[in-house]
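The values are calculated or read from the model by the stated rules, or taken from the named source; none is laboratory data. None of these values were measured; they are calculated from a predicted model. So basically every Cβ, Gly included, is an ideal-geometry build from the backbone, and we count neighbours across all protein chains shown.
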């Protein structure tokens with residue numbers, strides 16, 4: 001999930017600066033961690049006070065313990081394991097002697113925003129070099145101790161071994177290495193693919209034991225002495241204010257300490273400003289909630305008081321029947337459609353969705369007497385959180401410390417920092433540490449939502465049974481409209497998620513969009529625009545296959561056409577390739593075809609299915625990862641839908657941590673089942689109508705896929721994202737399977753069978 005230009009830009013750490021600026025003595029780019037000594041032989045451990053810190057991510061103590069810094073947020077993706085694992089492999093560290101420390105907000109770590117399926121892709125080469133640099137320096141230190149050529153020394157499993165058989169442990173070498181210069185980049189040799197110990201191998205997540213035994217620390221687990229609990233009653237209409245309120249009854253609730261008003265930001269709200277409302281501060285959660293229930297509030301009406309999402313979606317759908325603003329054009333679409341032997345036409349609707357992570361937004365904040373502020377929160381972007389807190393409190397950014405806890409799910413919701421800012425504002429007002437609680441109702445009714453979307457597609461097939469025309473119109477409110485009132489139409493980065501990057505070899509193409517002002521808080525949700533566009537394109541492809549009297553997979557392979565890297569820079573002005581250059585991460589039809597063929601082979605595609613059962617296929621590239629999906633469904637006489645089997649084929653480049661890749665695709669299928677079968681946010685008179693899981697439905701155990709097989713392509717290409725790519729192809733594959741089982745085409749989410 002990536003941000004548009006109205007939000008903080010991603011900053012890439014250069015490979016050269018990453019290593020050279022991290023050298024010992026480089027001011028501001030050091031991280032020394034003092035560790036106690038254990039009783040071990042001198043040749044394996046050295047001075048217990050010795051700390052070797054070649055860069056901000058790695059340190060080795062005199063005990064031999066290696067501390068690796070996890071600078072990205074852990075929300076179930078395994079990134080707190082995968083990034084340190086890359087360093088540990090290259091430096092030949094023993095994983096059992098590795099300690100992982102979570103980074104606070106600090107620019108020295110480069111970009112800390114855990115968003116957009118970007119973490120491994122961004123830091124894989126840099127962290128490999130960091131680990132390989134440490135390995136070489138340890139080998140050089142051992143060579144100096146033995147007075148032998150470094151070529152005779154080889155790092156192996158937390159030791160350096162000489163050709164004679166002599167051994168030095170990393171702990172012993174830690175005290176010998178501090179005066180050594182960082183090697184020149186030309187000296188660094190990365191491991192060969194076949195020599196990996198951890199990368200591409202099965203590794204459990206670092207926090208697994210703590211999570212399953214209940215020891216892991218999530219946001220609400222944070223305990224700070226003197227903390228009070230706060231809840232906020234917010235206007236149901238995002239950004240609107242308060243006309244009047246009475247707080248006398250709330251203040252009479254035992255345990256309630258303070259009740260006060262926080263001004264609303266107006267609309268658009270931005271991503272970092274609290275929504276405002278009436279704050280109730282109490283000694284405990286129960287008192288805070290009971291105090292909030294006792295409030296009497298008359299709300300103001302804002303600019304979106306009349307927003308009706310159902311009517312708006314119908315309005316946008318009607319708009320797709322007319323010409324829009326052309327975003328991609330090839331050939332003569334009008335002539336190709338008028339001359340087509342067959343024309344297939346369909347409309348598609350997607351409603352608002354809520355992220356609804358199991359852990360709702362929460363934060364602990366302490367504004368201190370010295371004017372500094374410390375925050376403990378499950379945030380995806382601690383640096384943005386720190387900047388936002390500093391900006392609202394009117395203090396220097398250096399005075400804000402953001403401690404990142406484990407995240408109990410996020411899906412993009414916790415990349416927006418306003419809930420942590422809200423806690424800091426309340427702490428400053430009360431003069432005490434504050435634990436801010438968002439209930440499930442708060443989360444569902446006052447969130448940032450996935451944008452609703454209306455689409456129209458028209459495909460022409462010529463007299464030779466070839467697809468000759470492709471028209472796609474997609475209209476939806478932009479994420480940017482949540483912060484910028486001038487952002488009244490979808491941006492290119494949103495349209496390049498499955499629409500403008502359509503890969504099929506069709507001579508006549510036209511992709512259009514149009515204005516759709518944002519009227520509620522919109523934010524990036526897992527896979528963003530790919531959800532909508534993959535649903536329409538994948539479903540339409542199934543209809544095209546039927547019209548051509550072809551197998552759906554054969555139809556897809558035929559439409560992809562020749563083996564090539566597609567030059568989208570020449571097809572789409574301002575083409576967005578997930579913040580990567582097309583030459584570094586080309587759009588490869590070869591890789592796309594490979595995942596399609598793989599899922600066909602692995603799934604048993606084409607087998608006979610009895611009545612009420614069906615198989616559906618779809619494929620999609622998102623976040624630079626190629627995915628093909630086959631879903632099997634069973635639909636009974638009461639239209640209950642079961643998903644007994646899902647197959648994914650995945651090409652994400654080097655599969656750094658296969659266990660986490662599989663877990664992400666298993667979870668992605670369940671997430672996709674929620675969006676496709678259950679979930680829908682509707683807005684009436686500016687207010688969200690759902691408020692908990694009884695009316696904002698998510699997949700229960702009977703709705704989720706019973707079994708998900710993940711077939712990972714063995715690749716040495718640059719690694720790409722895996723958190724979001726499972727969702728887009730799953731939804732149309734499911735809908736196509738439902739069609740095979742029931743004969744009912746699905747063109748609107750969530751699925752409602754008649």
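Some observations on this one:
- Condition met for residue 307 (in a loop (DSSP other than H, G, I, E, B) and surrounded by 16 or more Cβ atoms within 10 Å (Cβ to Cβ)): yes
- Residue that is touching a helix residue (DSSP H, G or I) at 6+ places or on another chain (Cβ under 6 Å) and either part of a strand (DSSP E or B) or buried (at least 24 other Cβ atoms within 10 Å of the Cβ) (or both), where the choices are 447, 427, 474, 468: 468
- Among the residues examined, residue 563 qualifies as in the same structural domain as residue 504 (by TED's automatic domain parsing), part of a loop (DSSP other than H, G, I, E, B) and more than 25 Å from residue 512 (Cα to Cα).
- Test: residue 686 is touching a helix residue (DSSP H, G or I) at 6+ places or on another chain (Cβ under 8 Å) and over 15 Å from residue 532 (Cα atoms): no
- Looking across 716, 690, 740, one residue alone is touching a residue at least 60 places away in the same chain (Cβ under 8 Å) and either within 21 Å of residue 638 (Cβ to Cβ) or not assigned by TED's automatic domain parsing to the domain that holds residue 670 (or both). It is 740.
- Criterion applied to 574, 604 was being assigned by TED's automatic domain parsing to the domain that holds residue 486, on the phi > 0 side of the Ramachandran plot and more than 28 Å from the chain's Cα centre (by Cα), and the one residue passing it is 604.
Conditions (1) outside the structural domain of residue 99 (by TED's automatic domain parsing); (2) modelled with pLDDT under 95; (3) surrounded by 18 or more Cβ atoms within 10 Å (Cβ to Cβ); (4) part of a helix (DSSP H, G or I), marked per residue:
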site	(1), (2), (3), (4)
177	no, yes, yes, no
182	no, yes, yes, no
229	yes, no, yes, no
235	yes, no, yes, no
250	yes, no, yes, yes
259	yes, no, yes, no
264	yes, no, yes, no
272	yes, no, yes, no
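- As a summary of the residue check, residue 157 satisfies the conditions (1) touching a strand residue (DSSP E or B) at 6+ places or on another chain (Cβ under 8 Å); (2) on the phi > 0 side of the Ramachandran plot except for the one numbered (1).
- Unmet criterion (only one of (1) surrounded by fewer than 20 Cβ atoms within 10 Å (Cβ to Cβ); (2) within 20 Å of residue 492 (Cβ to Cβ)) for residue 620: (1)
- Listed conditions (1) touching a strand residue (DSSP E or B) at 6+ places or on another chain (Cβ under 9 Å); (2) crowded, with 22+ Cβ neighbours inside 10 Å are all met by residue 284, apart from (2).
- Test result for residue 80, touching a residue at least 12 places away in the same chain (Cβ under 8 Å), surrounded by 21 or more Cβ atoms within 10 Å (Cβ to Cβ) and touching a strand residue (DSSP E or B) at 6+ places or on another chain (Cβ under 6 Å): yes
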